[in-house]
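Asker: Can you read through this structure? Questions will come right after.
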């Protein structure tokens, strides 16, 4: 598959997220040439570790047609804040209905499990967020249009799977090699 610089990803960010899961993923996708944006549920985000940053745009400014991939970082209470927001629920539904990638790391796959989207998919998540399902044994996994990862320690593998899906495995390897992974 040829390298395509037109791929676009959106990372949803909200109060209490695990900032490194969002920002490491952002950085690696950016290095791959994917146009990636942080979309906030509010105009200022304070992470679970009290890091403050500004998103590129707000969730209500997302045009589904502009993006190939939706990414949900974990963290607490960030995952709950994402899950309890009706705009997030609708956006997930729209990405799934449009057969676009939906990616979640750490506790965030629980949002997809609660929506019964991973019942027939192989997935991973942070231990304790399985919602009665049995996760696969991997750091990150892609099954169909869903990509999931266990947590911050799997952020590189998570980004690798996303880059592989959106561009190619060769590009994903190249990006990780250049970071000395």
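Asker: Only residues that are closer than 25 Å to residue 23 by Cβ and assigned to a helix (DSSP H, G or I): list them for segment 108-144, please.
Answerer: Answer for segment 108-144, where residues must be closer than 25 Å to residue 23 by Cβ and assigned to a helix (DSSP H, G or I): 109, 110, 111, 112, 113.
Asker: Another question, if that's okay. Can you tell me which residues in segment 1-27 are part of a strand (DSSP E or B) and either surrounded by 19 or more Cβ atoms within 10 Å (Cβ to Cβ) or modelled with pLDDT under 95 (or both)?
Answerer: 9, 10, 11, 12, 13
Asker: Condition test on residue 33, is it farther than 17 Å from residue 155 by Cα and in contact with a helix residue (DSSP H, G or I) (Cβ under 9 Å, 6 or more places away or on another chain)?
Answerer: yes
Asker: For segment 145-177, give me the residue count where each residue is closer than 17 Å to residue 108 by Cβ and assigned to a loop (DSSP other than H, G, I, E, B).
Answerer: 3
Asker: Within segment 132-147, how many residues are under 15 Å from residue 163 (Cα atoms) and surrounded by fewer than 16 Cβ atoms within 10 Å (Cβ to Cβ)?
Answerer: Here the count works out to 2.
Asker: Here is a list of conditions, (1) in contact with a helix residue (DSSP H, G or I) (Cβ under 7 Å, 6 or more places away or on another chain); (2) closer than 21 Å to residue 74 by Cβ; (3) surrounded by 15 or more Cβ atoms within 10 Å (Cβ to Cβ), and residue 150 meets all of them except one; can you say which number that is?
Answerer: (1)
Asker: Oh, and also: Can you confirm whether segment 57-65 contains a residue that is surrounded by 15 or more Cβ atoms within 10 Å (Cβ to Cβ), under 17 Å from residue 110 (Cβ atoms) and modelled with pLDDT of 95 or more?
Answerer: no
Asker: Now, a different point. Limited to segment 112-121, what total is found for residues that are in contact with a strand residue (DSSP E or B) (Cβ under 6 Å, 6 or more places away or on another chain) and crowded, with 24+ Cβ neighbours inside 10 Å?
Answerer: Final tally of qualifying residues: 1.
The values are calculated or read from the model by the stated rules, or taken from the named source; none is laboratory data. This structure is a prediction, so every number in the text was calculated from the model and none was measured. Glycine also receives a Cβ, built like all others from the backbone with ideal geometry; neighbour counts cover every protein chain displayed.
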